[in-house]
Amino acid sequence: MNGDDARLTRRVGRGERAAFEEWLDRDGPRVRSLCLRMGASPHEADDLTQEIWIAAFQSLAGFRGDSQLSTWLFRLAMNHCLKWREKMGRAIPLSDEDAESHDVPTQDATTLPPRQLERRELGEQVRGALDTLSDAHRAVVVLHELHGFSYAQCAQALQIPIGTVKSRLSNAFRNLRRELGPYVLNLDAGEAPDQNTHFNPRPCRGDAL
Amino acid sequence: MNPTQHERIRADLKAFADGELAPLARFFVARHLRGCPSCREELIQMQTLSTELRESETEVPEAPLSSDLRAHILENAPTTDAVPEEIVVRPRRISPRKAIFAAGMAALIAVVLFPTFSRTRENARRSTFSKALDTTDETGSAPPAFSSNAPGVAPAPPMSGDSAAVSSARAGSATDAFKTQNGTDANGMFSDGHIKSRVGTENETSTLANGALRERRGATDELRSVDGAEQQARISVNLDKPTSSDITVVVPATRAVHREGSMAVAVQNAESAGDDAASIVKNAGGFIANTSLETGAGQKRTAVLDCRVPVTQFETVVKKISALGTVRSKSLSGQDITAQVAQSGARRQTLAQELSIAQARLAEKEKSRKTTPYDLYQLRAEVRAIRMQAAQARAALETLQKYGSLSSLYVSLQDGITPPTPHAAGWFDSLSPSTQAAWSAFLTNARLPLQLLMWVLAYSPLWLPALIIWHKYGRKWLTE
């Protein structure tokens, strides 16, 4: 836990109004983004975000301080999202109305440049592939790949061992590779970087938050 | 390639790409990747997929919350009364598995290293102890020495330290037994001692308790320790007789320690070795009190020498005589007789003063006309008795001083060593001098690595299972 986070945690613990506003401005967009990535529509994401923050305020007394405040909040948010998905059913396709009201500015496909059009199609394929994952696999992929959580932070947020995070990610990526194989292979044919660079793994992201 | 290993590495590929593997597991995966094209291909695809996932999601920006939503959420923010007083930021806890693994490794290391350190400590203790036995203090008095061969002989440690308990019995006309408790001061004075002594010829019993000495037979002596810098003790003598007065007795500043020893040495020629031993004793300033040469079974001769050597030369003489042959047995002991010397000196001075007083009274009575012949007879008899006691005290003191300055050494030199047979030429002697030198240099330089290697191999039953367990489970634990 870095100094700013610890300071904010103490201020939140003291009940400072300004601290709540700072916390909300810092983590609020990410919580809403998490809801969106877990399959919620923008309207549903707003409702979920509000519920999550109210639940966080109410259960603030249960925060023991043994993890980052944002990690604790994301654990809460992920539990809410998983319960919501369970409640709504596993497959939650985006409706046309929702897609129109999505934060992504919609634009006529015919006016987009080919590269951007390709990106957009790939994004839709990726979201479709994410929908094929189980909730557990999707949660870990969203937290690690899309929110930049480390394995340890994923484990804290999902309350599972690090080894389980590792195996779930590995299995999830095998599924994603199967779903997105043609796209990935096509990209490999044209844009795959030098192979030697792939043997050096990325440095550990550690405290990404 | 081992399929199980291949599958395990495949499961680790994602963590490897994310940089989340432990160093050892990363090494294994990297090594596997060098020889496995399919895993390399899978790694590339995973990285590409991960990149595409992130880039596709950047299309969805993390827009700030709408003002309505923000306001609505903040309306539900708790007030100061509703929040906990203080959120304690706790340090991150260590994983129980890691803690158990670290504790196990620490215990293993402790088990392996404990014998080594304990052996080293024991050697150091022995070295210090042997140095203490060999050292002669600056004042010239010999240090106490005792032999493990004669456990019944009580050691005579220097009377300095936190606690010392000494009891000894000395054969002779005077038998002293003293006991010291709670230690003495740095100069050996009886600062807090409790001493009981009994002199056989005088049939006196005195007790020193916390520095005070009391005589049972009417006379009261007080022995108090004084400042250590003065290195002397003041003895106040209050006799019941009207002529009594206080006197000051100077206690020897150095410890008087009598040394005794006996040793049996196997030599080639007992007769010539006896001559050599005699010359060693004489050169050290001692003398031979008694000597004998006997011939036993097998025509083996034994020369026995009863030597008296100065205490300061005792260790030197023992070493020189030990060098004459092979020592088969050796017993050395020491006895601190400082207290006896001090008491004897005090008694001698007391009697000398009593004698002078008695003689003065006799002279006064002889001049007086009122004195009857019977009174003169009584006074002369008293003076005679005191003079006799003073002579005995002086003799006892001189005996004690000689006893403390001379040590006794009984040496038995036995025929027992056969002349060494000519050294048989071995393979080493057949080497050229340069090869011998090279071989010796190799052994000298390689001794430590060889010892280390032997040490590691000797403890293999301990570390080998640990290595196997680590190879099988440790990596998995750490990566989890």
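The values are calculated or read from the model by the stated rules, or taken from the named source; none is laboratory data. Quantities reported herein were computed from a predicted structural model and do not represent experimental measurements. Because the Cβ atoms are built from the backbone with ideal geometry, glycine has one as well, and the counts that use them run over all protein chains shown. Please note that ligands, DNA and RNA were not included when accessible areas were found on the heavy atoms of the full protein model with its side chains. Shrake-Rupley method; radii C 1.70, N 1.55, O 1.52, S 1.80 Å.
Results, tabulated for the structure shown:
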read-out: One residue from A:LEU69, A:LEU82 being of a type outside the set (Gly, Ala, Ser) and over 13 Å from A:LEU24 (Cα atoms); value: A:LEU82
read-out: Residue identified as of a type in the set (Ser, Thr, Tyr), at pLDDT below 85 and either open to solvent by 60 Å² or more (accessible area, probe 1.4 Å) or at negative phi (or both) among B:SER344, B:SER356, B:SER405; value: B:SER405
read-out: Residue that is surrounded by the fewest Cβ atoms within 10 Å (Cβ to Cβ) [pool: residues in the stretch A:1-54 that are acidic (Asp, Glu) and within 19 Å of B:PRO78 (Cβ to Cβ)]; value: A:ASP25
read-out: B:VAL89 farther than 30 Å from A:ARG11 by Cα, touching a Ser or Thr at 6+ places or on another chain (Cβ under 8 Å) and at pLDDT below 85; value: no
read-out: Unmet requirement for A:LYS83, which otherwise passes all of (1) open to solvent by 50 Å² or more (accessible area, probe 1.4 Å); (2) farther than 19 Å from A:VAL140 by Cα; (3) more than 10 Å from chain B (Cβ to nearest Cβ); value: (2)
read-out: Members of the stretch A:23-45 found to be at the interface with chain B (Cβ under 10 Å from one of its Cβ atoms) and farther than 13 Å from A:ALA77 by Cα, listed by number; value: A:TRP23, A:LEU24, A:ASP25, A:PRO42
read-out: The stretch B:257-288, residues that are within 35 Å of the chain's Cα centre (by Cα), loosely packed, with under 14 Cβ neighbours inside 10 Å and farther than 12 Å from B:LYS320 by Cα; value: B:LYS282, B:GLY285, B:PHE287
read-out: Matching residues in the stretch B:461-480 - criterion: being farther than 30 Å from A:PRO161 by Cα and loosely packed, with under 11 Cβ neighbours inside 10 Å; value: B:PRO461
read-out: Which numbered condition B:VAL317 misses (of (1) crowded, with 18+ Cβ neighbours inside 10 Å; (2) within 27 Å of the chain's Cα centre (by Cα); (3) outside any helix (DSSP H, G or I); (4) not small (Gly, Ala, Ser)); value: (3)
read-out: Contacts under 6 angstrom Cβ, first residue in the stretch B:3-30 being more than 8 Å from chain A (Cβ to nearest Cβ), partner open to solvent by 10 Å² or more (accessible area, probe 1.4 Å), 6 or more apart; value: B:ILE9/B:HIS32; B:ALA22/B:LEU478; B:ALA22/B:THR479; B:LEU24/B:ARG475; B:ALA25/B:ARG475; B:ALA25/B:THR479; B:VAL29/B:ASP12
read-out: When residues of the stretch B:289-314 are limited to those that are free of Cβ contacts under 8 Å to residues at least 12 places away in the same chain and outside any helix (DSSP H, G or I), the one least open to solvent (accessible area, probe 1.4 Å); value: B:GLY296
read-out: Unique match (being at pLDDT 85 or above, more than 8 Å from chain B (Cβ to nearest Cβ) and in contact with a Leu (Cβ under 6 Å, 6 or more places away or on another chain)) among A:ALA136, A:ALA155, A:ALA172; value: A:ALA172
read-out: Residue tally, condition surrounded by fewer than 17 Cβ atoms within 10 Å (Cβ to Cβ), in a loop (DSSP other than H, G, I, E, B) and not hydroxyl-bearing (Ser, Thr, Tyr), over the stretch A:120-161; value: 4
read-out: Given (1) open to solvent by 90 Å² or more (accessible area, probe 1.4 Å); (2) at pLDDT below 85; (3) more than 40 Å from the chain's Cα centre (by Cα), number of the condition B:GLN436 does not satisfy; value: (1)
read-out: Enumeration of residues in the stretch B:456-480 that are of a type outside the set (Asp, Glu) and touching a residue at least 40 places away in the same chain (Cβ under 8 Å); value: B:TYR459, B:LEU462, B:TRP463, B:ALA466, B:GLY474, B:ARG475, B:TRP477, B:LEU478, B:THR479
read-out: Single residue of B:LEU431, B:LEU413, B:LEU409 found to be in contact with a Phe, Trp or Tyr (Cβ under 8 Å, 6 or more places away or on another chain) and assigned to a strand (DSSP E or B); value: B:LEU409
